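The next block holds one structure in the form of structure tokens; read it before the comments.
The values are calculated or read from the model by the stated rules, or taken from the named source; none is laboratory data. In this text the structure is predicted, and so the values were computed from the model without any measurement. Heads up, the Cβs are rebuilt from the backbone with ideal geometry, glycines too, and the neighbour counts pull from every protein chain shown. Side chains included, ligands, DNA and RNA excluded: accessible areas come from the protein's heavy atoms. Shrake-Rupley method; radii C 1.70, N 1.55, O 1.52, S 1.80 Å.
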Amino acid sequence: MTDDMLAEKKEMLIKHLVKAGHLRTERVIQAFRRVPREAFVPEHLIDYAYVDEPLPIGEGQTISQPLTIADMTEALEPRPGQKILEIGAGSGYQAAILAEIVGSKGKVISVERVEKLAKETRQRIAQLGYKNIKIVTGDGSLGYARKAPYDRIIVTCAAPFVPEPLKEQLKISGVMVIPVGSWLQQIFKIRKTAAGFEQKSIGFYQFVPLIGEHGFNP
Ligand code: SAH
């Protein structure tokens, strides 16, 4: 597929996500325009980069479906200058979308459990020139205390419950978006207030499991 065809498919996908109400804010739409999803999928799947489907990225993991990424990014309410923690870096695509939004004064820290994926993704984001993304190898169910607290936390794998360390590492008035459940998962949008946590479901989705100390057993 030629670059022109990819560009056309990308624009069609974005228009579809806008029309269907998944992409709603200009900042998020612009981020979708700027990030080349074809750079985050395996080479033999490049033709499918702008099909609204999750795709395998190796090690039994997937790059999330564009619709899901749109819904999660909108729910997260990311803003320029924020410090965001992502659990489940995978291909790095979601991190790149967020990096476009937080900009050069912001930071995205993304934790990945699978060493091989973390290494590949580190290389990919360096090649693409994202200086505001840091990929950390480790168990993200523990969060990343070294850079806490965070304005926003996004978990891109399904947890059995909301990990306590993530609640602790979120700033007051911060937002966390996290899929919870074991077979079909609901994505919860959680806001931390001085009085506690406000939680609402944004719908049902399917994710690979969060495996770790505050997640599912290996
Ligand atoms: N955000 C990714 C989606 C990746 S799928 C993207 O845009 O491509 C979810 C990822 O979570 C997988 O790569 C999986 O290895 C990772 N994961 C699972 N449990 C984890 C844990 N405890 N800590 C960090 N990453 C984890």
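Can you give me the Cα centroid spacing of the stretch 5-70 and the stretch 115-135 in angstrom?
18
Only Cα pairs within less than 10 Å get springs; with that Gaussian network setup on the chain, which residue of 14, 84, 46 has the largest fluctuation?
46
With springs connecting C-alpha atoms under 10 Å apart, model the chain as a Gaussian network and identify which of 41, 28, 114 has the largest mean-square fluctuation.
Looking only at 41, 28, 114, the biggest GNM fluctuation is shown by 114.
So what are the three principal axis dimensions of the chain from its Cα atoms, in whole Å, longest to shortest?
Computed over the chain, the largest-to-smallest principal extents equal 52, 36, 34 Å.
Considering the zone a paramagnetic label at residue 123 would reach in this model (a point 7 Å from Cα along the Cα-to-Cβ line), which residues of the stretch 87-104 have amide N under 15 Å from it?
Those under the cut-off are 91-92.
As a test question: what accessible area, to the nearest 10 Å², does residue 211 have when a 1.4 Å probe is rolled over all protein chains in place?
Solvent-accessible area, nearest 10 Å²: 40 Å².
If Lys and Arg each add +1 and Asp and Glu each add -1, what is the summed charge of the other residues whose beta carbon sits under 13 Å from the beta carbon of residue 113? Walk me through the intermediate numbers first.
Working: positive: 116, 119; negative: 59, 86, 112, 115, 139, 213.
Computed value for this residue: -4.
Post the alpha-carbon centroid distance, the stretch 180-217 to the stretch 71-99, in whole angstrom.
The stretch 180-217 and the stretch 71-99 have Cα centres separated by 16 Å.
Quick check for you: with a 1.4 Å probe and neighbouring chains kept, what is the accessible area per residue of the chain, in Å²?
48
Which residues does a label at residue 193 reach in the stretch 142-185, if reach means a backbone N under 14 Å from a point 7 Å past the Cα toward the Cβ?
In the stretch 142-185, the label zone of residue 193 (backbone N under 14 Å from the point 7 Å along Cα→Cβ) covers 172-175.
Please find the FRET efficiency linking residue 145 to residue 116, where r is the Cβ-Cβ separation and R0 is fixed at 25 Å, and quote it to the nearest 0.05.
According to the calculation, E is roughly 0.55.
Please give the length that would be gained between residue 137 and residue 18 if that part of the chain were fully extended, namely 0.36 nm times their separation in residues minus their C-alpha to C-alpha distance (nm, one decimal).
On the way: separation 119, 0.36 × 119 = 42.84 nm, distance 3.41 nm.
Stretched fully, the residue 137-residue 18 segment lengthens by 39.4 nm.
Share of antiparallel DSSP beta bridges in the chain, in percent to the nearest 5? Before the final figure, lay out the partial values.
Details: 18 of 39 bridges.
Around 45 percent antiparallel, to the nearest 5.
How much accessible surface does residue 130 have with a 1.4 Å probe, in Å² rounded to 10?
40
So which residue, out of 85, 76, 128, gets the largest mean-square fluctuation from a GNM of the chain using Cα contacts under 10 Å as springs?
Of 85, 76, 128, the Gaussian network model singles out 128 as fluctuating most.
What number, rounded to the nearest 500 deg cm²/dmol, is the helix-based mean residue ellipticity at 222 nm of the chain, given -39500 (n - 2.57) per DSSP H run of at least four residues and division by all its residues?
Only helices count here, giving -9000 deg cm²/dmol.
Per 0.36 nm of contour for each residue apart, how much would the distance between residue 4 and residue 52 grow if the chain were fully extended, relative to their Cα-Cα spacing?
Full extension from residue 4 to residue 52 adds 15.4 nm.
Longer than 24 Å from Cα to Cα, which of 105/147; 171/200; 19/105; 167/189 are they? Say none if no pair is.
19/105
Longest span of the chain, sites excluded, free of GluC sites (Glu not before Pro) in DSSP loop with at most 15 other C-beta atoms within 10 Å?
Longest stretch, sites excluded: 60-212.
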